[in-house]
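Remarks on the structure that follows.
The values are calculated or read from the model by the stated rules, or taken from the named source; none is laboratory data. A quick note: this is a predicted structure, and the numbers were derived from the prediction, not measured. Please note: Cβ atoms are built from the backbone with ideal geometry, for glycine as well, and neighbour counts cover all protein chains shown.
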Amino acid sequence: MNAVGNVGKIAGTSAESAYEDLWRRTLSRIPGDLNRLIYLASTRDYNSGRYHHAGLEAHFGFEAVHQALERAHREVFSKITHSSLKDVVSGLEQYISNCGESPEDVMRSWRRLQPYRVAIPINSDPIAAHLLMSNLKLGLEVLERRRARAQDRP
Amino acid sequence: MSMLFIVVLIAFLLFFAVLHFLEPSASATESQFGAPQGLDDTAGCCNAEEFVSLGELILSDRDWEFMRREQNPALNELFVQERRAVVRHWLDQSAGRLRLIRARHVQRSRLAKDINLVAEARVFLLLFYLSLVFGVLLILVRFFHPYRSRALAQHFQAKADLLWLSALNTESGSTDSR
């Protein structure tokens, strides 16, 4: 086998190992797909679009970790896109209760700034992205109305 | 009298559909979430292995039922608005894909040594017919509840998806053989 072939094989194996490690040590401990999506998007550099994770890079190298994070990001995005609006609302509730900020503040900033727009993987289907953004917007409105209704009750 | 009205209505719809496809809208060529990929851009969402039809998801009964159970007219109105925007984007993207298929087919036909005129005519008629249908659907979705034309949209979308997939497969086949 030539040198190029060897490098390709090693890079592929490292990417697979990095992906398994990522799920075992990190993603499996994050509750809910929306939390995972936001976490994975946060590992992506805004300027270059490259994914980084210092701990994993020390073991598997930059390219393998980039591939592993990108794959996980695409998979989680696809899973959320294919879930029902009801599940998106539950995911939002879970995210808001787990993020450590006051639910009112999170709701307000998410409705105004729509930070979830940066959570879309590169090369995702524009329609799938539009559908998910639309479902998140609807989900936030549902939660806001429920909250307002609960406050109105004596 | 009513016959005349129907004929005028159909002519009106066809006129706007043709107008729509003669002048591709900005959203068809460059959508909010990025430009629709051409046949050359077979990476990411648009490669044949990863292609998933979203028709069932966009106009799903379970989402509509969920919103209705919230019993809030403002939420229902927002849901209809949001779904209308997604459906229009979806139909626009499909119309854009049909235009790409047509352009690529013309390109291939020009280079081909032996052309079957009957087969070519059938392909062009099919593409023209689907383009016209998408134009009419876009008008229907703009003025009516998006769930009303759901069955029609999903039916023709499935046909357009098949064409798109076959174009992608042809493209990847010719790329592999290079």
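Overview of values
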quantity	calculated
Test set (1) more than 16 Å from the chain's Cα centre (by Cα); (2) surrounded by 12 or more Cβ atoms within 10 Å (Cβ to Cβ) - A:ALA58 fails condition number	(2)
The listed residue being among the hydrophobic types (A, V, I, L, M, F, W, C), within 14 Å of chain B (Cβ to nearest Cβ) and either farther than 24 Å from B:LEU91 by Cα or buried (at least 18 other Cβ atoms within 10 Å of the Cβ) (or both), out of A:LEU85, A:LEU69	A:LEU85
The listed residue being assigned to a helix (DSSP H, G or I), more than 13 Å from the chain's Cα centre (by Cα) and of a type in the set (Gly, Ala, Ser), out of A:ALA68, A:ALA72, A:ALA129	A:ALA68
Test: residue in segment A:46-56 that is under 30 Å from B:ARG84 (Cβ atoms) and either facing chain B (nearest Cβ under 9 Å) or of a type in the set (A, V, I, L, M, F, W, C) (or both)	no
Top-ranked residue in segment B:53-82 [being touching a residue at least 24 places away in the same chain (Cβ under 8 Å), more than 9 Å from chain A (Cβ to nearest Cβ) and not in a helix (DSSP H, G or I); ranked as surrounded by the fewest Cβ atoms within 10 Å (Cβ to Cβ)]	B:SER53
Any pair with Cβ under 7 angstrom, 6 or more apart, that starts in segment A:115-129 at a residue that is within 8 Å of chain B (Cβ to nearest Cβ) and under 18 Å from A:LEU69 (Cα atoms) and ends at one that is in a loop (DSSP other than H, G, I, E, B) and modelled with pLDDT of 90 or more	A:ILE122/A:GLY49
Per-region count, segment A:103-120, residues buried (at least 20 other Cβ atoms within 10 Å of the Cβ) and touching a Ser or Thr at 6+ places or on another chain (Cβ under 9 Å)	1
Of all residues making up segment A:75-122, the number that are in a loop (DSSP other than H, G, I, E, B) and over 15 Å from the mean Cα position of the chain (by Cα)	4
